[in-house]
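This report concerns only the one structure given below.
Read-outs: derived from the displayed coordinates by stated rules, not from any lab. Keep in mind that what you see is a predicted model, and the values were worked out from it rather than measured. Cβ atoms come from the backbone with ideal geometry, glycine included; neighbour counts cover every protein chain shown.
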C-alpha cells in the first residue's frame, strides 16, 4: 500500500455560498447552535431537560447538586463546542465565542489534577473510574472532547481546550496500554480511536497515534476484556451485580466479538461501527497498515452492498440501534439513526483519503443529501433521531413495534446525541467537499463555495457555483492571481450516466480514474470548468433479496431521493400505484417547499368504499378498482415540515 499525502482544507479559507447546504449551514449557525445552547443549559421549557452544562458546574464546585442525565451526557457539550468552533471559522461571533470560552474555562476547572474528566463518575461514582468500559462511555466522552479541543485550536488559534484534552489524553496513556500495570481494554462505544488519531495529526505526538492503534488492535482479542472487567466488578465490594449485562454477553453489539482483522460483516450498533471504522481507515493510511486497509475495504463493501438504505441510512433495527442481517432493510420500522449517517460520512471521508475512489464520495453524498439533510427541520429547532422510509401515523400510536418512530421531528431528546452532531457536520462541511492531496485536489461534493488551497507554496483559489442539486450545471472558476500547475480531480457521480465537461468552452478529454476526471494544467485566473451532470428522473429498484421492496420502485433525481407525502397526495399511500410508462415533469415548489424541485407524474389509486360491514377478506375479486390520480413527489429530506401525515419512498409499480 502506498501512502497518499493528504491535507485538510482550512475552513477559514472556505465560504459556503450554496443555496441548499449553505442555507442549512446558516440555519445551524443562526438558530440551531443558540437553540441547543439553551437546551444544554435547561433554558428551553419545551425540551427534555439536559443538565449537561450544570453537571460541569457541579463538578467544578460552582454549583451544588447531583449528576443528571445519561452516562454520556458530557459528549453533548463537547459536540456543541466543536460545532461552535467550525461555525466561528465562517462567521465571527464575539458573543458566541465568549460563551464558548467561558464553557471551556468551566470544563478546565472541573478537570481532576491527574487529567481525568468525566462528570458522571466524578459526581456519582468516583471510586468506579475505568471499571465499566463496556457500558459507561468514559473514553467516548473523552474522544468527543478531544475533537472539540482540536477544532477550537484550528478555528480560533486558542490552545486552552487543547491543553485540557492533551492532559486528558496523557492520563489515558498512563491508564491504558500493554504494560502489566495498565488496563488492556477499550470503550464499548468507539470514538476515542478516531479522536486520538486526529490529535496526533495536530500535535505530531507519536504516543497519541500509538494509543489509538492500541485501542483498535486490542479490540476483540482473547481473553476478552469485557469478561475480565465484569468479573472484577462482580468481586469488588462497591458494585452489586445481578447478572452479566447484555452489552458484555453480546460483544458484536460493540464490534468486540472478534479482532477487526477477522471481522467479515458490518454488525452491531451502527454508530459505533462507523466511528470505529473511521479510525481504522485513518490509521491504515497513516501507518501504512495493509491489514487494516483490507479490513476497511471488506467491511465497507458488506455495508454498502447489503446493509444500506437508498437514503444513505444504516442500522435497520431499533433493538440495539443496529445492523441486522444481509438484505434486511424494512421501510416502516427502519432505525437509520441520524448519527449513523453522519458517522458514515466520516468513514467515507477517510476512505476517500486512503483510496481516492469516487464510490466513497457517492455514498457520502447520498447520506448528506437525504438522511443528514432531513434530520433537521426547516426551523432549525426540531430533529429526527430515527429516519424511517415509510410512516403511517395512526399505526405509530397503537403498535409498539413502531415505538422508536416519530411522525414529526422532536424538540430534544433524553439521549440528545443527534442535534449537536447534526450541527457539527454542517459547520464542518468544507472538510467533505474537498480532499487536498499532493497529486491533486479532489472535488467530492458540488456545494457552491469559494476556497483557497495551498499548492506548493502558492494559493489556488476556486469559486464553485451552480444550483446543485436542483440544476445540472456546475461551474468552477479559477481566481488565483498567479499561474499554478496542479491537477483538479472532478467526481463523476454514479447516478449520472452522461456527464460532460468543458474547459474554457472546449470539451475536456482527460483521463478518468476511479470515478474522478483528472485535469492537469497550469491554471490561470479566468479559467473556467463547466460540468454538466444531466439529472434524469430515475427509477430505483431493489435487489431481489430485499423482500420489503418486491414490486416497488423509488424515485431519484440527482443525489436526491423523492417520496410521496399525505399533504400532496392524500391518505392511504399504500393504495397508490405508479405505472411503468408514466413520465415525470419538474415543478417549482411553493410555500415551505419554495426553492425546491418537485416531481409530478400520472399515477393511480385503488378506489374502494369504506364500510364497517365489509368482510376483512374476500374471495376472487379485488376490493376496488384503480382510478387515475396525479402524484406529487417531494425531496425526502423535506418531509414532515408541513405537519403530521403519511409518507413513503417505495411505491407500488404497475
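Taking a point 7 Å out from the Cα of residue 31 in the direction of its Cβ, the residues of segment 611-654 whose backbone N falls within less than 18 Å of it are 635-644.
For segment 172-282, the relative contact order comes to 30 percent (Cα pairs under 8 Å, sequence separation of at least 6).
Fully extended, how many nm does the chain gain between residue 181 and residue 574 (0.36 nm per residue separation, minus their Cα-Cα distance)?
Details: separation 393, 0.36 × 393 = 141.48 nm, distance 6.16 nm.
Additional length available on full extension: 135.3 nm.
Report relative contact order for the chain in percent, whole number only (criteria: Cα-Cα under 8 Å, sequence separation at least 6).
Result for the chain is 13 percent.
Counting neighbouring Cβ atoms within 10 Å and putting the fewest first, the residues 563, 24 line up as 24, 563. As a length-normalised measure over Cα pairs under 8 Å and 6 or more apart, the relative contact order of segment 537-653 settles at 36 percent.
Model label sites at residue 541 and residue 170, defined 7 Å from Cα along the beta-carbon direction, differ in position by 6.3 nm.
Across the chain, the convex hull enclosing all Cα atoms gives 174 Å³ per residue.
Once Rg and the Kirkwood radius are both taken over the C-alpha atoms of segment 213-336, their ratio Rg/Rh works out to 1.03.
Roughly speaking, what is the stretch gain from residue 264 to residue 497, that is 0.36 nm per residue apart minus the C-alpha to C-alpha distance, in nm to one decimal? Fully extending the segment from residue 264 to residue 497 adds 80.7 nm. Between residue 513 and residue 234, the modelled label-to-label distance comes to 5.6 nm, taking each label 7 Å out from Cα in the direction of the beta carbon. Computed packing ranks the peptides 295-303, 144-152 as 144-152, 295-303, most packed first, by mean other Cβ atoms within 10 Å.
Fully extending the segment from residue 221 to residue 525, taken as 0.36 nm per residue of separation minus the present Cα-Cα distance, adds 103.9 nm. As a calculated quantity, the FRET efficiency between residue 291 and residue 98 at R0 = 45 Å, using C-beta atoms, amounts to about 0.40. Each peptide among 624-631, 257-264, 402-409, 371-378 gets the average number of other Cβ atoms lying within 10 Å of its residues, and from highest to lowest they stand as 371-378, 402-409, 257-264, 624-631.
Neighbouring Cβ atoms within 10 Å as the yardstick, rank 247, 459 fewest first. If you can, show how the numbers build up before the last one.
On the way: 247 20, 459 14.
The fewest-first ordering by Cβ neighbours comes to 459, 247.
Helix-only estimate, please: 222 nm mean residue ellipticity of the chain, summing -39500 (n - 2.57) across DSSP H runs of length 4 or more and dividing by its residues, to the nearest 500.
Working: 21 runs with 226 residues, N = 654.
Taking each H run of at least 4 residues, the total per residue is -10500 deg cm²/dmol.
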